[in-house]
Amino acid sequence: MKTDRPLSRRRNILKASAALLAAGLLPTTGSVFSQMLMNRTQDQILGPFYPIMSKPNLTGDLTRVPGGSGRAKGQLLIVKGRVIDPTGKPVEGADVEIWQANSVGRYAHPDDTNPAPLDPNFEGFGAVTTGPDGYYQFKTIKPPPYPITPTITRPAHIHFDVRGRHDELITQMYFEGDPYHKTDPFLQSAPNPEALIVKLSPPVHEDPEFMVAEFDIVFRG
Ligand SMILES: [Fe+2]
């Protein structure tokens with residue numbers, strides 16, 4: 001698992017790309033490179049609750065905490081998908097991190113002022129690394145919408161930070177049917193918000209207690 005701070009690494013990648021563009025070393029409009037960028041999963045903000053105070057759960061199962069008293073509260077959810085490059089090739093060795101609120105919309109982060117209670121069996125921060133097929137999977141719970149001001153509520157979402165050898169993608173995955181999509185400035189800042197929204201499916205081969213969300217990631221690898 002890489003330990004680079006996400007933003008500093010991302011800034012370096014962006015700086016390197018900008019420098020190459022300025023030097024005329026990268027092709028621009030209408031090029032293969034711009035086509036690749038067009039296919040890339042859309043960026044979203046990192047948000048204020050990136051879990052700087054803790055280490056990610058590396059088991060892939062966020063519904064249990066080592067030494068905890070049971071399972072996390074909430075609708076159990078499998079989040080899975082493939083990490084691929086813009087040509088469709090699986091990206092092996094990508095580090096996929098997720099972080100999210102608990103079943104009542106509270107982050108296990110010292111800056112979250114939401115009065116909703118913490119869940120002692122849910123820390124909401126995990127990381128896995130893709131294998132040769134590019135697949136990742138987490139067991140977690142479906143978070144609800146949560147208030148960010150007395151008058152603004154964010155739709156339910158899970159944050160992603162995906163790091164490869166050449167690229168880093170920070171985004172958020174949303175859930176179909178959420179009443180707060182249209183009023184969310186962050187989701188609506190995406191050129192194609194629908195592409196960040198997933199539909200939950202019932203389990204097929206998975207544990208019957210879980211619903212399933214599939215979210216593929218496209219980045220440069
Ligand atoms: Fe969030």
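The values are calculated or read from the model by the stated rules, or taken from the named source; none is laboratory data. Just so we're clear, the structure is a prediction, and the values are computed from it rather than from any experiment. Cβ: placed from backbone, ideal geometry, glycine included. Neighbour counts: every protein chain shown. Ligands, DNA and RNA are excluded from the accessible area calculation, which covers all protein heavy atoms including side chains. Shrake-Rupley method; radii C 1.70, N 1.55, O 1.52, S 1.80 Å.
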#### Entry: Test: residue in the stretch 140-158 that is open to solvent by 80 Å² or more (accessible area, probe 1.4 Å) and either at pLDDT 95 or above or among the aromatic types (Phe, Trp, Tyr) (or both)
no
## Note on the structure
The condition of being in a loop (DSSP other than H, G, I, E, B) and within 15 Å of the ligand (Cβ to nearest atom) holds, among Pro203, Pro208, Pro191, Pro143, only for Pro143
### Of all residues in the stretch 90-118 being over 28 Å from Gln42 (Cα atoms) and more than 16 Å from the ligand (Cβ to nearest atom), the one that is surrounded by the most Cβ atoms within 10 Å (Cβ to Cβ)
Pro117
### Task
Give just the number: which of (1) open to solvent by less than 30 Å² (accessible area, probe 1.4 Å); (2) touching a Phe, Trp or Tyr at 6+ places or on another chain (Cβ under 8 Å); (3) modelled with pLDDT under 95; (4) more than 16 Å from the ligand (Cβ to nearest atom) does Pro6 not satisfy?
(4)
### Query
Quick check: is even one residue across the stretch 184-203 under 23 Å from Asp111 (Cβ atoms), in contact with a Gly (Cβ under 6 Å, 6 or more places away or on another chain) and of a type in the set (Phe, Trp, Tyr)?
no
## Note on the structure
Residue pairs within 6 Å by beta carbon, gap of at least six or interchain, first lying in the stretch 116-142 and under 17 Å from Phe219 (Cα atoms), second among the aromatic types (Phe, Trp, Tyr), listed first then second, are Val128/Tyr136; Thr130/Tyr136
### Task
Select from the stretch 61-89 the residues that are assigned to a loop (DSSP other than H, G, I, E, B), of a type in the set (Gly, Ala, Ser) and buried (at least 17 other Cβ atoms within 10 Å of the Cβ) and list them in ascending order.
Ala72, Gly74
### Query
Within the group Gly105, Gly70, Gly74, Gly93, which residue is over 20 Å from the mean Cα position of the chain (by Cα) and modelled with pLDDT of 95 or more?
Gly70
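Considering only the stretch 187-213, how many residues are under 14 Å from the mean Cα position of the chain (by Cα) and crowded, with 16+ Cβ neighbours inside 10 Å?
Qualifying residue count for the region: 5.
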### For Asp167: the one exception among (1) within 16 Å of the ligand (Cβ to nearest atom); (2) open to solvent by less than 60 Å² (accessible area, probe 1.4 Å); (3) touching a helix residue (DSSP H, G or I) at 6+ places or on another chain (Cβ under 9 Å)
(1)
